Amino acid sequence: MSAAGESGVLTERSSRIIAAHRLLRRSRRAQAGEFLADGAQAVREAVAAERESPGRVREVYLTEAAASRNVEIVRAAFAAGIAVTQVTEKAAAALSDAITPQGLVARCALPDDDPAALLAAGPRLLAVLVQAADPGNAGTVVRLADAAGADGVILAGDAVDPWSTKAVRASAGSIFHLPVVRAADPLALVSALSDAGLSVLATTGAADTDLDTAARDGILELPTAWVFGSEAHGLPDEVIAAADAAIRVPIHGRAESLNLATAAAICLYASAAVHRRGR
């Protein structure tokens with residue numbers, strides 16, 4: 001394994017480990033243009049992304065124990081020309097905010113963060129999170145969007161950083177499979193989505209139209225951007241008003257509501273099913 005510029009196994013006092021540790025902070029990620037992918041699943045997908053698009057992964061750090069547990073990942077990293085560096089258990093822990101670090105972390109380049117480029121590609125299905133505050137929810141929705149075959153995810157407004165280690169872990173590697181971008185102004189984004197030919201559907205439990213009716217009336221046949229609010233506060237009224245339609249997921253039993261990830265899964269898969277039938 002390589003430890004270019006510093007000999008031997010890197011410790012938590014190594015300058016490279018100290019620099020990588022700072023990437024746990026959002027401000028440092030933005031300054032450095034890098035983020036950390038923590039855990040075997042995230043690193044596996046990061047390495048696969050490097051093979052498809054060189055320049056995504058800068059370095060892989062792993063402990064001796066993690067190397068023995070993840071031989072195929074290590075081999076794939078070497079085959080992709082990625083620097084693989086052995087680190088101590090303490091150094092690996094310094095690169096993770098997990099309760100039980102796996103001892104395997106990739107330092108990756110932040111991708112382009114441009115909603116305009118995503119919309120110019122002609123997407124048919126997008127997930128939009130407005131003011132999402134929980135990184136676990138954000139990562140889970142990225143994973144759901146990937147599974148449903150969506151073309152991308154947009155986080156709008158004062159939203160969590162999708163490149164935090166918790167969000168990346170929650171995405172289970174899906175964050176390397178589809179574009180994930182941010183937009184500062186949710187209302188301006190709704191306008192841009194409409195201009196790109198997407199039907200903007202705002203989700204709210206107070207909507208008059210439910211998902212079953214939307215499917216029956218052909219609303220889901222259109223290229224669609226599903227817009228979800230934060231779990232605590234939902235969507236702002238002005239975003240709901242700016243959307244093409246407000247849709248609620250019907251609840252047939254006695255449950256009061258659905259959590260964000262569940263509602264997102266139901267809506268995204270409903271659109272995906274309609275789109276597949278229309279092909």
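The values are calculated or read from the model by the stated rules, or taken from the named source; none is laboratory data. Since the model is a prediction, treat every value here as computed from it, not as a measurement. Glycine also receives a Cβ, built like all others from the backbone with ideal geometry; neighbour counts cover every protein chain displayed. SASA here: full protein model, heavy atoms, side chains in, ligands and nucleic acids out. Shrake-Rupley method; radii C 1.70, N 1.55, O 1.52, S 1.80 Å.
Computed quantities for the displayed model
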quantity	calculated
Alpha-carbon centroids, the range 90-168 and the range 225-274: separation in whole Å	19
P(r) of the range 76-147 over all Cα-Cα pairs, binned every 5 Å from zero, in whole percent	3, 10, 13, 17, 18, 15, 14, 8, 2, 0
Backbone N within the range 17-58 under 20 Å of label point (7 Å from Lys90 Cα along the Cβ vector)	17-24
Spin-label pair Thr209/Ile18, simplified geometry with 7 Å Cα→Cβ offset, distance in nm	5.8
Test item: Cα-centred dipole of the range 90-228, Lys/Arg +1 and Asp/Glu -1 on Cβ, debye	680
Sorted peptide list for 105-114, 40-49, criterion being average Cβ within 10 angstrom, highest first	40-49, 105-114
Amide H within-cut-off set for Leu125, under 5 Å, with H built and near neighbours excluded	Asp151, Thr224
Computed E for Ile99/Ser27 - FRET, C-beta separation, R0 22 angstrom, nearest 0.05	0.40
Efficiency of FRET from Cβ geometry, Asp217 and Asp237, R₀ 22 Å, rounded to 0.05	0.40
Rounded to the nearest 20 debye, dipole of the range 88-150 from Cβ charges on Lys, Arg, Asp, Glu	140
The chain: relative contact order in percent, alpha carbon pairs under 8 Å with at least 6 residues between	18
Global form of the range 126-184, assessed from the alpha-carbon gyration tensor, a/c cut-off 1.5	oblate
Cα gyration tensor category, rounded, prolate or oblate, for the range 27-72 with a/c compared to 1.5	oblate
Of the GluC sites (Glu not before Pro) in the range 201-279, those whose Cβ has at most 10 other Cβ within 10 Å and which sit in DSSP loop	Glu256
Pairwise FRET efficiency - Glu52 versus Arg254, Cβ, R0 = 30 Å, nearest 0.05	0.05
Integer Hz, Karplus 6.51/-1.76/1.60 couplings in order for the range 16-25, x for Gly and Pro	5, 5, 4, 5, 5, 4, 5, 6, 5, 9
Relative contact order for the range 24-113, counting Cα pairs under 8 Å that sit 6 or more residues apart, in percent	44
The chain: most fluctuating residue of Arg75, Arg169, Arg51 per GNM, C-alpha cutoff 10 Å	Arg75
Relative contact order (%) - the range 100-221, alpha-carbon pairs under 8 angstrom, separation at least six	24
Selection from Ala156, Val141, Ile82, by position along the positive dipole direction of the chain (Cβ)	Ile82
Antiparallel content of DSSP bridges confined to the chain, in %, to 5	30
Heavy-atom accessible area order for Lys166, Lys90, largest first, 1.4 Å probe	Lys90, Lys166
Counting DSSP beta bridges with both ends in the range 191-273, the antiparallel % (nearest 5)	10
Nearest-20 debye value, the chain charge dipole, Cβ charges on Lys, Arg, Asp, Glu	940
